[in-house]
Amino acid sequence: MNSQLPNNKKHVHLDMTPLVDVAFLLLTFFMLTAQFDNLSSSKLSLPKSKSGSLAPQVHNLTINLDELNQLSCRIESRTLTDSILFYKPNTSLKITSLQLDSLLSEVTQRDTTLQYIFRADKNIPFSQVNEIITLLKKNKIKKFNLLTDGN
Amino acid sequence: MSDHQKLSDLLESVEKKNTSKRIPFRIDMTPMVDVAFLLLTFFMLTTVFKKPGALRMSLQENEKITTSSNKKTKTTSILLDENSNLIFMDQSGKRSIVTLEELQKNLLQEKSEKSNLKIVIKPHQKAKYDQLIQVMDLLEFLHLPSFTIGKYPESDKDDG
């Protein structure tokens, strides 16, 4: 009788093992799926679109144009790992349009399968966009992706 | 039989040795679990599942633009001016300021009249990239992928 009284302090041992197991499982899942985008450090809001396909995730060159008209680029590739001119793949680098031009001409010679992504802020004037498109055209890159905030 | 006896004896002795050496011990897992949960919440909150979309752009037909701008072939133009107005210019050259919805209606009408529609988007130098994407998105939505980007009529005098 005495032991059933509520004020009697009884040590309750709760088995937390399954809970912790699940927590670790979720943790590994989120850790493995997390993608840290180095480019997102530059302030940039993408234009919205309804249609459009998924952007290429691997083996690409991203040209970044942020709201302050700062150009940067990043090559994401498993095969292109040697440094190209002044640029080391899989890193982000702020560049000028002249540097971009020389980089593009070098890259197009080395790899023809690389996909190109243009990622620009939505408030960028067309003249800036046109400058990049002309650069791409000059280096005979005719197909590229315009990155949008799709649904 | 004797072999089997020996083996079971051996196993027994091993078991005894093991049980005698086993000391019950507990590790306090609380801090580790705390950290694990902290990391879990961090990754759950920072993960972005939505991947950015992309509008495919092909410049191959851009070569034709220089020839088609000679007004020999009739084109439908969409002008984007500096004040973010959309101006629709039909094949006869009539201009009208439209909203995105009206543009969609106009394009659908033109599409039903003529099967191989030639559309030229002509953004002003100061037009916003956002608007260009909106128009490109609309064309993609209407299954009119063969458009070109041309020069804004007046701006080529100003900007050279």
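Read-outs throughout are calculated quantities, based only on the coordinates presented, and are distinct from any laboratory measurement. On a predicted model such as this, the values are computed, not experimentally measured, just so you know. Note: ideal-geometry Cβ built from the backbone for every residue, glycine included; neighbour counts use all protein chains shown.
Which length gain, in nm to one decimal place, applies between A:Asn123 and A:Ser45 when the Cα-Cα distance is subtracted from 0.36 nm times their residue separation?
Values: separation 78, 0.36 × 78 = 28.08 nm, distance 0.84 nm.
Using 0.36 nm per residue and subtracting the Cα-Cα distance, I get 27.2 nm.
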So what's Rg/Rh here for the stretch A:94-142, counting alpha carbon atoms and using the Kirkwood radius for Rh?
0.97
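For A:Arg110 and A:Ala34, what is the calculated FRET efficiency with R₀ set at 35 Å and r taken between the beta-carbons, to the nearest 0.05?
Working: r = 31 Å, r/R0 = 0.87.
FRET efficiency, A:Arg110 to A:Ala34: 0.70.
Work out the FRET efficiency for A:Phe86 and A:Val58 from their Cβ-Cβ distance, taking R0 = 22 Å, and round it to the nearest 0.05. Kindly include the intermediate steps, with their values, before the conclusion.
Values: r = 23 Å, r/R0 = 1.06.
Calculated transfer efficiency: 0.40.
Per residue of B:33-42, what is the mean number of Cβ atoms on other protein chains within 10 angstrom of that residue's Cβ?
Details: counts 5, 0, 1, 5, 6, 1, 5, 10, 2, 4.
Taking the mean over all residues of the peptide, I get 4.
Which of the residue pairs A:Lys140/B:Lys94; A:Lys48/B:Lys74; A:Lys122/B:Lys105; A:Lys48/A:Lys143; A:Lys88/B:Lys151 have a Cα-Cα distance greater than 28 Å in the structure shown?
From A:Lys140/B:Lys94; A:Lys48/B:Lys74; A:Lys122/B:Lys105; A:Lys48/A:Lys143; A:Lys88/B:Lys151, over 28 Å: A:Lys140/B:Lys94; A:Lys48/B:Lys74; A:Lys88/B:Lys151.
For a Förster distance of 35 Å, can you work out the FRET efficiency between the beta-carbons of B:Phe141 and B:Leu38, rounded to the nearest 0.05?
Numbers: r = 44 Å, r/R0 = 1.26.
Here the calculated transfer efficiency is 0.20.
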Run the simple label-point estimate for A:Lys140 and B:Glu113 please: 7 Å along Cα→C-beta, distance reported in nm.
4.1
